[in-house]
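*Asks:* The following block contains the structure, expressed as structure tokens.
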Amino acid sequence: LPRRLRVIRRTPLMLWATALLAAIGTAVALVVVASPAAAAACAGAVRFSATSNRLYVSSGTQTPSTIIALCPAVPLVQVDPANKIWQLNVDLQVENGATLALRGSAAGGDVNELRLKSGASNLPTDVVTVTAQYGTIALDHTKVTSWDPAANGPDTNTTLPAGSPTTA
């Protein structure tokens, strides 16, 4: 019968910990702490990276409601449930053939308005973007606007923050 081999990939941390345990001759349980990028536990078609301040929609058709169901800790907030108004506080990227469906109640959807965080501090993390890289953004009866949380209204500052994408 063929023997099955079990391959374990040893990282520098594992090698260091193994050497330390062998040196002190003590059995210790190691606890691995997740990185900040893995802080928001998400399922399947949606993932969130805190380090890049980006939400990824990577398969299927997703709406704000399904994104929250798949990734409850993501910075996407329904600020007015009665009027179906949502605020996105991180960059969002639609990729790998996925679809972001932003449909208003007149089209049978759950988002009449999507507010994109756009603070006046002139920092790149204060202005969020929604991009599609080999994905689709489907809009139907939905208003998309910038939103300055400090002013509690649309961002009227026309200056782009340093490092932000341009349309030129």
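*Asks:* Please specify each residue of segment 116-137 satisfying the condition of being more than 15 Å from S52 (Cβ to Cβ), part of a strand (DSSP E or B) and without any contact (Cβ under 8 Å) to a residue 40 or more places away in the chain.
*Replies:* Listed by number, the residues that qualify are L116, K117, S118, A132.
*Asks:* Take the residues in segment 31-63 that are touching a Ser or Thr at 6+ places or on another chain (Cβ under 6 Å) and open to solvent by 50 Å² or more (accessible area, probe 1.4 Å); name whichever of them is modelled with the lowest pLDDT.
*Replies:* Quick first cut of segment 31-63, residues touching a Ser or Thr at 6+ places or on another chain (Cβ under 6 Å) only: 36-37, 45, 53, 61.
Still in the running and open to solvent by 50 Å² or more (accessible area, probe 1.4 Å): 36, 61.
Values: P36: 37, T61: 96.
My answer is P36.
*Asks:* Does A138 satisfy being surrounded by 14 or more Cβ atoms within 10 Å (Cβ to Cβ), more than 17 Å from the chain's Cα centre (by Cα), under 25 Å from N157 (Cβ atoms) and not hydroxyl-bearing (S, T, Y)?
*Replies:* no
*Asks:* If you go through segment 98-128 one residue at a time, how many are out of contact with any helix residue (DSSP H, G or I) (no Cβ under 8 Å at 6 or more places or on another chain) and within 18 Å of K143 (Cα to Cα)?
*Replies:* Selection size over segment 98-128: 15.
*Asks:* Moving to a separate point now. Within segment 87-113, count every residue that is open to solvent by less than 10 Å² (accessible area, probe 1.4 Å) and part of a strand (DSSP E or B).
*Replies:* Total satisfying the criteria: 6.
*Asks:* Still on this structure, please answer the following. Out of (1) open to solvent by 60 Å² or more (accessible area, probe 1.4 Å); (2) at pLDDT below 95; (3) closer than 16 Å to P154 by Cβ, what's the single condition that is false for L123?
*Replies:* Just one mismatch for L123, condition (3).
The values are calculated or read from the model by the stated rules, or taken from the named source; none is laboratory data. Quick caveat: nothing in here was measured; it's all calculated off a predicted structure. Reconstructed Cβ throughout: ideal geometry from the backbone, glycine too, with neighbour counts over all protein chains shown. For accessibility, only protein heavy atoms count, side chains too; no ligands or nucleic acids. Shrake-Rupley method; radii C 1.70, N 1.55, O 1.52, S 1.80 Å.
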